[in-house]
1. Yes or no: the range 119-139 includes at least one residue that is touching a residue at least 12 places away in the same chain (Cβ under 8 Å) and farther than 29 Å from ALA38 by Cβ.
2. Please give the number of the condition TYR10 fails out of (1) in contact with a Phe, Trp or Tyr (Cβ under 7 Å, 6 or more places away or on another chain); (2) among the hydroxyl-bearing types (Ser, Thr, Tyr); (3) under 23 Å from GLY185 (Cβ atoms).
3. Can you confirm whether PHE245 is without any contact (Cβ under 8 Å) to a residue 24 or more places away in the chain, more than 10 Å from the ligand (Cβ to nearest atom) and either part of a strand (DSSP E or B) or within 25 Å of LEU8 (Cβ to Cβ) (or both)?
4. Across the range 67-91, which residue is nearest to the ligand (Cβ to nearest atom) among those that are closer than 14 Å to VAL42 by Cβ and not small (Gly, Ala, Ser)?
5. Can you go through GLY26, GLY63 and tell me which one is surrounded by fewer than 24 Cβ atoms within 10 Å (Cβ to Cβ) and in contact (Cβ under 8 Å) with a residue 60 or more places away in the chain?
6. Only one of VAL177, VAL191, VAL186, VAL170 is without any contact (Cβ under 8 Å) to a residue 60 or more places away in the chain, within 9 Å of the ligand (Cβ to nearest atom) and under 25 Å from VAL15 (Cβ atoms); which?
7. I'd like to know if the range 220-243 contains one or more residues that are touching a Phe, Trp or Tyr at 6+ places or on another chain (Cβ under 8 Å), small (Gly, Ala, Ser) and exposed (fewer than 15 other Cβ atoms within 10 Å of the Cβ).
Amino acid sequence: MERLPESLQYLAGKVAIVTGASRGIGKAIALHLAASGAKVVVNYAQSSPAAEAVVAEIVAAGGEAVAKQADIAQGDQVEDLIDSTKKTWGSVDVLVNNAGITRDTLLLRMKPEDWQAVIDLNLTGVFLTTRAVSKIMLKQRSGRIINIASVAGQMGNPGQANYSAAKAGVIGFTKTVAKELASRGVTVNAVAPGFIETDMTHGLNSDEILKFIPLGRYGQPDEIAGMVRFLAADPAAAYITGQVFNVDGGMVMA
Ligand code: NAP
């Protein structure tokens, strides 16, 4: 990771929490926010060495970061994550709701536990973190909440009834919370990635998938992180709220 020159450190002094930042898209987001000067909480569920490696990369480049384990589907662990961040660094300015899982299978084979696990993390987790940080952000009268949704929540995807329901839920949640928090200067937006090369998409049939991507390739985590970094930036994105930004190689054209 290379820190941007001082003149481009538009997140200097800001505190960001990125959920699920040990790998994939969340890792890229943590590195991009840190490169812009933010202090970053690198949340993870199980991958402690990977999360510590993200922190080490940020610190080696002159930034500030801490790794923090918390299962985002568990309310008490989420409260602890947000409280300990506030205690350590005094504020929470940016929340990126990125942690997510898949439990793909066709509807008729989908077990209630496959449904529930995905809803619990990908949708209820977003509610839990957002509710906890919004108390802080409302008092501060500023804040940026960025939710990682998916094209699956907009166009559906066979085998992902649980996942697309959760991601569509995240989009509706984003718009409602954007309206509730707007008067206090807190913005809430969503980014909808297409197919991005991470552990989550590893092993999918790429010949089939590439037919649906006008740009003809998978996206990279850095390409999602660039959009998130923009949405966190002040004043660049200060007048944007309640929106969904597709970063998907042209899969969904509204
Ligand atoms: P990934 O490579 O599988 O990484 C998932 C991250 O989430 C890991 O850091 C993991 O931590 C964390 N995580 C899993 N369960 C958690 C829990 N209960 N509490 C806290 N953290 C947890 O996934 P990705 O592809 O980067 O996806 C990131 C986000 O983008 C997800 O919301 C996903 O739905 C969305 N998305 C991805 C794509 C894609 O094509 N990849 C497309 C659209 C949307 P551990 O390492 O500790 O397990």
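Read-outs: derived from the displayed coordinates by stated rules, not from any lab. Everything numeric in this text was worked out from a predicted model, so none of it was measured. Every residue, glycine as well, gets a Cβ built from its backbone with ideal geometry; the counts of neighbours run over all protein chains shown.
1. Taking the range 119-139 and keeping what is touching a residue at least 12 places away in the same chain (Cβ under 8 Å), we get 119-130, 132-134, 136-138.
Now narrow it down to the ones that are farther than 29 Å from ALA38 by Cβ: 119.
Yes, some residue in the range 119-139 is touching a residue at least 12 places away in the same chain (Cβ under 8 Å) and farther than 29 Å from ALA38 by Cβ.
2. So the condition that TYR10 fails would be (1).
3. Numbers: without any contact (Cβ under 8 Å) to a residue 24 or more places away in the chain: no; more than 10 Å from the ligand (Cβ to nearest atom): yes; either part of a strand (DSSP E or B) or within 25 Å of LEU8 (Cβ to Cβ) (or both): yes.
Here the answer is no, as PHE245 does not meet what is asked.
4. The extreme case among them is ILE72.
5. Details: GLY26 fails: surrounded by fewer than 24 Cβ atoms within 10 Å (Cβ to Cβ).
The unique qualifying residue is GLY63.
6. Numbers: VAL177 fails: within 9 Å of the ligand (Cβ to nearest atom); VAL186 fails: within 9 Å of the ligand (Cβ to nearest atom); VAL170 fails: without any contact (Cβ under 8 Å) to a residue 60 or more places away in the chain.
That would be VAL191, the only listed residue that is without any contact (Cβ under 8 Å) to a residue 60 or more places away in the chain, within 9 Å of the ligand (Cβ to nearest atom) and under 25 Å from VAL15 (Cβ atoms).
7. So in the range 220-243, the residues touching a Phe, Trp or Tyr at 6+ places or on another chain (Cβ under 8 Å) come out as 227, 231, 233-234, 236-237.
Filter once more, keeping what is small (Gly, Ala, Ser): 233, 236-237.
Among the residues that remain, those that are also exposed (fewer than 15 other Cβ atoms within 10 Å of the Cβ) are: 236.
Yes: the range 220-243 contains one or more residues that are touching a Phe, Trp or Tyr at 6+ places or on another chain (Cβ under 8 Å), small (Gly, Ala, Ser) and exposed (fewer than 15 other Cβ atoms within 10 Å of the Cβ).
For every residue, the table says whether it meets (1) surrounded by fewer than 23 Cβ atoms within 10 Å (Cβ to Cβ); (2) on the phi < 0 side of the Ramachandran plot; (3) not aliphatic (A, V, I, L, M).
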{"position": "LEU107", "(1), (2), (3)": "yes, yes, no"}
{"position": "PRO112", "(1), (2), (3)": "yes, yes, yes"}
{"position": "VAL118", "(1), (2), (3)": "no, yes, no"}
{"position": "ASN122", "(1), (2), (3)": "no, yes, yes"}
{"position": "SER134", "(1), (2), (3)": "yes, yes, yes"}
{"position": "SER142", "(1), (2), (3)": "yes, yes, yes"}
{"position": "ILE146", "(1), (2), (3)": "no, yes, no"}
{"position": "ASN162", "(1), (2), (3)": "no, yes, yes"}
{"position": "PHE173", "(1), (2), (3)": "yes, yes, yes"}
